[in-house]
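The values are calculated or read from the model by the stated rules, or taken from the named source; none is laboratory data. Note that the structure is a prediction, hence the values are computed from the model and not measured. Cβ sites come from the backbone with ideal geometry, for glycine too, and all protein chains shown count toward neighbours. Please note that ligands, DNA and RNA were not included when accessible areas were found on the heavy atoms of the full protein model with its side chains. Shrake-Rupley method; radii C 1.70, N 1.55, O 1.52, S 1.80 Å.
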Amino acid sequence: MPWTKQDYPDSFKNLDEPVKEKAIEIANALVRDGYEDDRAIPIAMDQAREYVHGDDVDGRTVYEVREDGEGWVLRKKGSDRAILREETKDDLLEKAKPRVNDQNGVLKIYKGDGELEDTLYEG
């Protein structure tokens, strides 16, 4: 059953109206393409925010945790310079989370295949 403006996932309830409408649209498209709800919802929220607000998340710096073939790295979005590097994702997240939180940043965590897994400290 597709989501609507009146019936949408609970995690959409605090989104501003333009982002919520776009997230509903994206989530419905992802589900039609075969994504499970628990994967479609966070992807839709992230893409809707980026679509409506661009890369700016309320003026906060966006950091990314990604695998780069040699290990896991923390970078500012759009930068090639690694801020932190660890062999495992868990080791990197242990160090990255407090650092990003102290900087009042947003942390986007990606899977090894490049798919967005989670977004933390969105506010």
**Study point:** D90, sole failed condition from (1) more than 15 Å from G112 (Cα to Cα); (2) open to solvent by 60 Å² or more (accessible area, probe 1.4 Å); (3) among the charged types (D, E, K, R); (4) not in a loop (DSSP other than H, G, I, E, B)
**Key:** (1)
Revision key, fill the gap. (1) more than 19 Å from Y121 (Cβ to Cβ); (2) in contact with a helix residue (DSSP H, G or I) (Cβ under 8 Å, 6 or more places away or on another chain) all hold for I41 apart from (1)
Review point. Consider G34 against the criteria (1) surrounded by fewer than 15 Cβ atoms within 10 Å (Cβ to Cβ); (2) within 17 Å of the chain's Cα centre (by Cα); (3) at pLDDT 90 or above: it satisfies all of them except one. Which criterion is unmet?
Key: (2)
Check your understanding: List the pairs whose first member sits in region 109-123 and is among the basic types (K, R), whose second member is at pLDDT 90 or above, and whose Cβ atoms are under 6 Å apart, counting only residues at least 6 apart or on separate chains?
Key -> K111/E117
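Might you check whether a residue that is part of a helix (DSSP H, G or I) and surrounded by 14 or more Cβ atoms within 10 Å (Cβ to Cβ) occurs anywhere in region 61-77?
First, pick out the residues of region 61-77 that are part of a helix (DSSP H, G or I): none.
Scanning region 61-77 turns up no residue that is part of a helix (DSSP H, G or I) and surrounded by 14 or more Cβ atoms within 10 Å (Cβ to Cβ).
Just to be sure before I move on: is I109 of a type in the set (V, I, T), surrounded by 16 or more Cβ atoms within 10 Å (Cβ to Cβ), touching a helix residue (DSSP H, G or I) at 6+ places or on another chain (Cβ under 9 Å) and in a strand (DSSP E or B) in the structure I sent? Give the steps one after another, and end with the answer.
Details: of a type in the set (V, I, T): yes; surrounded by 16 or more Cβ atoms within 10 Å (Cβ to Cβ): yes; touching a helix residue (DSSP H, G or I) at 6+ places or on another chain (Cβ under 9 Å): yes; in a strand (DSSP E or B): yes.
Answer is yes for this residue.
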